[in-house]
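Data first, discussion second: the structure below is written as structure tokens.
The values are calculated or read from the model by the stated rules, or taken from the named source; none is laboratory data. All figures in this text were calculated on a predicted structure; none of them were measured in a lab. For neighbour counting, all protein chains shown are included, and Cβ atoms are generated from backbone atoms with ideal geometry for every residue, glycine included. Please note that ligands, DNA and RNA were not included when accessible areas were found on the heavy atoms of the full protein model with its side chains. Shrake-Rupley method; radii C 1.70, N 1.55, O 1.52, S 1.80 Å.
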Amino acid sequence: MTITVYVPRDASALSLGADAVAAAITAEAAHRGTGIRLVRNGSRGLFWLEPMVEVATPSGRIAYGPVTPDDVGGLFEAGFLTGGKHALSLGVTEDIPFLKRQERLTFARVGIVDPLSLDDYRAHGGCRGLEKAIATGPAAAVKTVLDSGLRGRGGAAFPAGIKWKTVLDTPADQKYVVCNADEGDSGTFSDRMLMEGDPFTLIEGMAIAGVATGATQGYVYVRSEYPHAESTLRQAIDIARAQGLLGDALLGSQHRFDIEVRRGGGAYICGEETALLESIEGKRGQVRFKPPLPAIAGLFGKPTVINNVISLASVPVILDKGAKHYQDFGMGRSRGTLPFQLAGNIKHGGLVEKAFGLTLRELLHDYGGGSASGRPIRAVQVGGPLGAYLPESQFDTPLDYEAFAKLSAMLGHGGVVVFDDSVDMAKMARYAMEFCVVESCGKCTPCRIGSVRGVEVIDRIIAGRNRGAEIALLRDLCDTMVSGSLCAMGGLTPYPVLSALEHFPEDFGIQKHHKAA
């Protein structure tokens, strides 16, 4: 009997030597005359254990990690092909606490299937959502997405079904589906993991969006720094087209839908949906004025669905299992799950897909294991470089869109970057402004000029020059940026700046009891 061994092809595992581990396992098996089937799967998201090798046994998949090429001989000696005990043994993969306590809907197949096997995808429930969308028709498919409560997972959290219904109801000779895979937020990697570990889920989600809205052409705008994701996605699209998941007759139906991959322009601002459309059209990535909304006049002036990877990859399970099933996860107006990404100074960095409602403290300590340095966690930035810095006193806040909005914070794409008590928060506030200087598209004055002036003001505060007046000036400048910027780039940059000033005034040379309420 041929034994199946899984070695991740995910970029995180590759960066830690997964290719060399796979080669060593293949060579050792050949040397011993042992027949194995090597599958290069996606990552399970336990990055501190990568490369994590798994072996299929009658009692389930047994994990070992982190494995180096030098460990391979010893693993074979210990009988790891039959689940033998070894110092690197982690037991049954699904029973690892970090994984066992998750609710994986969008990432249900990531790390389990061969990313480029459509047969494997179907065997694990793939294509059922698209089959239902075709069977029930566009209006019913849109209603299912609306009823599920799915909100955009890219940052703004706008209800996905409303976008889809607008595109469906707007008459046009051509409509488009655009996937925003320009994952540029600090500490985020869920889009990349999904594209590398289960690309057919994204393809199916986009095809469902096409059927639901009448769009026949899709584009995936992939971050230029994601070569592995782009390569895997291109291969998966070719396979999907060859096997009827894309093309002129989706799964043998009358519906037509195809996908092209476009490499990103290397600019953070191209993650903003209208700048992204400009870039796909071959123009400089600058923000468009709204209205018109992209759902009415988007790509090439046509009605366009724009969602990010996780939004679209959430759709197949919603169509397959129904809106109610998806609604049963989460709280309030935040329904379903979000893949939280733990990064920065954290002991157990990786991906945690959970229903909305757990607290930030639970995420940091029950899953993340506290800081990597062993020092107290002082601040956490949630939602990318434009997200607020949260102090320890706010760690019991539930991870929920509305709960974060009350704190003038945002969940965004689910990126969580951790800092211990050695961090200088004045420098972090300066970095936020400096990031805006570098990444602004330059179209509006509050963002383009305000961020430059913001860096100068913070420098004067740090230097101790007329602090009271300069802090008043900084608050006034931030108010202008929030109220006057054309898009979220300038409009949200003040969030990390003001939160650092509010919660960590001592780093700016201000006594804590002078802190504004």
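Observations, loosely collected:
- The peptide list 203-211, 230-238, put in order of mean Cβ contacts within 10 Å with the highest first, becomes 203-211, 230-238.
- Taking all protein chains together, Trp164, Trp48 sort by accessible area into Trp48, Trp164, largest first [probe 1.4 Å].
- Amide proton proximity set for Gly218, modelled H, under 5 Å, gap of 5+: Val177, Asp258, Ile259, Glu260
- Bridges between two residues of the chain, per DSSP, are antiparallel at a rate of about 55%.
- Anisotropy class of the stretch 373-492 from Cα gyration tensor, a/c 1.5 cut: oblate
- Positive minus negative residues near Gly490 (Lys, Arg vs Asp, Glu; Cβ under 14 Å): -1
- Cα shape, the chain, gyration tensor, a/c 1.5 rule: oblate
- Set of aspartates and glutamates with alpha-carbon distance to Lys443 below 14 Å, sequence-local pairs under 8 removed: Glu272, Glu278
- With all protein chains in place and a 1.4 Å probe, the accessible surface of the stretch 1-100 carries 56 percent carbon and sulfur.
- The chain: relative contact order as a whole-number percent, Cα under 8 Å and 6+ apart: 13
- Lysines with Cα under 24 Å of Lys132, excluding same-chain neighbours fewer than 8 positions away: Lys143, Lys163, Lys165, Lys175, Lys321, Lys324
- Cα-based shape type of the stretch 149-244, given that a ≥ b ≥ c are square roots of the gyration tensor eigenvalues and the cut on a/c is 1.5: oblate
- Solvent exposure of the chain amounts to 38 Å² per residue of accessible area, where only protein heavy atoms count and the probe is 1.4 Å.
- A simple count of charges around Ala181, restricted to other residues whose Cβ falls under 13 Å of its Cβ and scoring Lys, Arg +1 and Asp, Glu -1, yields -3.
- Candidate cross-link partners of Lys406 among the aspartates and glutamates, defined by an alpha-carbon separation under 19 Å and a same-chain spacing of 8 or more, comprise Glu392, Asp396, Asp479, Glu502.
- A cut-off under 13 angstrom between Cβ atoms defines the neighbours of Ser279, and their net charge, with Lys, Arg +1 and Asp, Glu -1, is +1.
- Rounded to the nearest whole Hz, the Karplus-based 3J(HN,Hα) values (6.51 cos²θ - 1.76 cosθ + 1.60, θ = phi - 60°) of the stretch 395-411 follow the sequence 5, 8, 5, x, 6, 8, 4, 6, 4, 6, 4, 5, 9, 6, 10, 8, 7, with x at glycine and proline.
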